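The values are calculated or read from the model by the stated rules, or taken from the named source; none is laboratory data. Predicted model, so just to flag it, every value in this text is computed and none were measured. Glycine gets a Cβ as well: all are built from the backbone with ideal geometry, and neighbour counts include every protein chain shown.
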Amino acid sequence: MDIPESVRTLDADLRSVFGGRLRSLVAYRDAGATTHAPTPTLAIVDQLTADDLRACAGRVQSWHDAGLATPLILRGDEFGRSLDAFPYEFGAIVADHAVVSGENPFAGLRVDPADLRRACEIQVRGHLLHLREGYLETCGRSDALAELITRSLPALVTLLRSVARLHGMETPDPLAASALAEKAIGTPTESNATFSELIMKSVKGPLSSDDARRIYPQYLDNVERLTIYIDRWTHA
């Protein structure tokens, strides 16, 4: 990936704060971000103090103005130890990044497939519970059901991307991730609420109350199928 000049400026700013304690700076892609989203970065330092954070806080607005996201700052021993806790988030950084300065902080690191599966299961079970609880809270109103489905779609896209990464597909687009998940769970061909169709409907505009009533049962069934699939998934 190309390194924007603003990231080079960030590197200089961080070196003015940390000096020789800045071990490395990397820029990476956020698969879920839009085209014009701020550029995310990760800084690895040998030591991190409250004074360091205070110094960085004074520069954050200028970084935002330059089109940068607030950088993640971790001590050298923290990233590797965090892979099991944030396997998708940090695994995505490992998979698609550029070293701006310093050493490669990811040399020799890998995400354990078991950690990926566990994180994915947490996501899918949370999504399933949200759809069930949210339905009860609609009190039977179709307009509220349409809003529930619409609000759930960004989380669905994140979930489907996680499932795709579980299968070794890095930074997948939503429709490719949807197709993979649908094939894995055997979505019925007569389904009128495939993951792909839900995502495409969200692009076209607001979901109607009639669509919501028709879509919800199959949507819920597909998420239940996906939950069972992830629960039983084993790394080949």
Condition test on T194, is it within 19 Å of L128 (Cα to Cα), in contact with an Asp or Glu (Cβ under 7 Å, 6 or more places away or on another chain) and hydroxyl-bearing (S, T, Y)? yes
Just to confirm my filter: which helices (runs of 4 or more DSSP H) fall fully inside region 79-174 and include at least 2 residues that are within 30 Å of E197 (Cβ to Cβ) and of a type in the set (K, R)? 113-137, 142-166
If A12 satisfies every condition in (1) part of a helix (DSSP H, G or I); (2) in contact with a strand residue (DSSP E or B) (Cβ under 7 Å, 6 or more places away or on another chain); (3) modelled with pLDDT of 95 or more but one, which is the exception? (2)
For A31, all conditions in the list (1) surrounded by fewer than 16 Cβ atoms within 10 Å (Cβ to Cβ); (2) modelled with pLDDT under 95; (3) of a type outside the set (D, E); (4) outside any helix (DSSP H, G or I) hold save one; what is the number of the exception? (1)
Looking only at region 54-103, and only at residues there that are of a type in the set (S, T, N, Q) and modelled with pLDDT of 90 or more, the one that is nearest to the chain's Cα centre (by Cα): T70
Go over the candidates A155, A181 one by one and state the one that is within 19 Å of F86 (Cβ to Cβ) and touching a helix residue (DSSP H, G or I) at 6+ places or on another chain (Cβ under 9 Å). A155
Take region 122-140 and flag every residue that is modelled with pLDDT under 95 and under 15 Å from the mean Cα position of the chain (by Cα). I122, Q123
Quick one: A179 ticks every box in (1) farther than 30 Å from R110 by Cβ; (2) hydrophobic (A, V, I, L, M, F, W, C); (3) assigned to a helix (DSSP H, G or I) bar one, so which box is it? (1)
Where A193 falls short, out of the listed (1) at pLDDT 85 or above; (2) farther than 15 Å from T158 by Cβ: (1)
Considering residues that are over 19 Å from R141 (Cβ atoms) and not polar (S, T, N, Q), the number found within region 194-218 is 9
With respect to the numbered conditions (1) surrounded by 18 or more Cβ atoms within 10 Å (Cβ to Cβ); (2) hydroxyl-bearing (S, T, Y); (3) in contact with a Leu (Cβ under 6 Å, 6 or more places away or on another chain), which one is the sole condition not fulfilled by T150? (1)
Do we have A176 as closer than 21 Å to R161 by Cα, touching a Phe, Trp or Tyr at 6+ places or on another chain (Cβ under 8 Å) and assigned by TED's automatic domain parsing to the domain that holds T158 here? no
Counting only residues that are assigned to a loop (DSSP other than H, G, I, E, B) and either basic (K, R) or closer than 17 Å to L145 by Cβ (or both), region 206-236 contains a total of 3
